[in-house]
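Report on one structure; see the data block that follows.
The values are calculated or read from the model by the stated rules, or taken from the named source; none is laboratory data. Small disclaimer: the values here were computed from a predicted structure and weren't measured. Positions of Cβ are generated from backbone atoms using ideal geometry, with glycine treated the same way; all protein chains shown enter the neighbour counts.
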């Protein structure tokens, strides 16, 4: 029973920290605010996480490792590049609509502390482009897609999928849409983005 209570408290702390870090960033967050959000005292918070940096790293790791398997699953399956692009776009956008805080949170904090990502590279779910690179090279050689490096193609896919989430306030203002209208625009991108990328690389 004690172990279950401890696990529940840790989850409670991580959820509270996610809320505070998301709104204030690492530098602006205070441990007392996180304790208050979690409904515990500061001493209890320090019992679980000795300092703010360790707590932040736990929240960041959880956020990144929610996203990483989504990327790895598509990159490492045996489908064609066209199917990969469609699956990646559909899976990514559907996933982020459920976890909208993740892209902005990860990008904001990677800019603040770019070396932190090195701590995650040994995780088995960390995205690996090797299979994707071989597939792109093969399909280029077979004349199925136009000459393009796998790295450039992957960056194009990521950029077109991530930007609408990290730039939501800006794009809502420019497109003059409310939350409901903007969500419909983003949902439509599950096919719009894939069609755009595929049409740009297909030879026929």
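Numerical summary
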item	result
Selection count where residues are free of Cβ contacts under 8 Å to residues at least 24 places away in the same chain and in a helix (DSSP H, G or I), scope the stretch 1-52	25
Unique match (being more than 22 Å from residue 21 (Cβ to Cβ) and more than 18 Å from the chain's Cα centre (by Cα)) among 72, 79	79
Candidates 135, 183, 142, filtered to the one that is surrounded by 13 or more Cβ atoms within 10 Å (Cβ to Cβ), more than 20 Å from residue 93 (Cα to Cα) and either in contact with a helix residue (DSSP H, G or I) (Cβ under 9 Å, 6 or more places away or on another chain) or free of Cβ contacts under 8 Å to residues at least 24 places away in the same chain (or both)	135
Residue pairs meeting the criteria (Cβ under 7 Å; at least 6 apart or on separate chains; first more than 17 Å from residue 158 (Cα to Cα), in the stretch 98-115; second part of a helix (DSSP H, G or I))	109/26; 109/60; 112/26
Residue in the stretch 55-67 that is within 16 Å of the chain's Cα centre (by Cα), assigned by TED's automatic domain parsing to the domain that holds residue 125, exposed (fewer than 14 other Cβ atoms within 10 Å of the Cβ) and at pLDDT 85 or above present	no
Single condition residue 198 does not satisfy, out of (1) over 11 Å from residue 93 (Cα atoms); (2) assigned to a helix (DSSP H, G or I); (3) modelled with pLDDT under 95	(3)
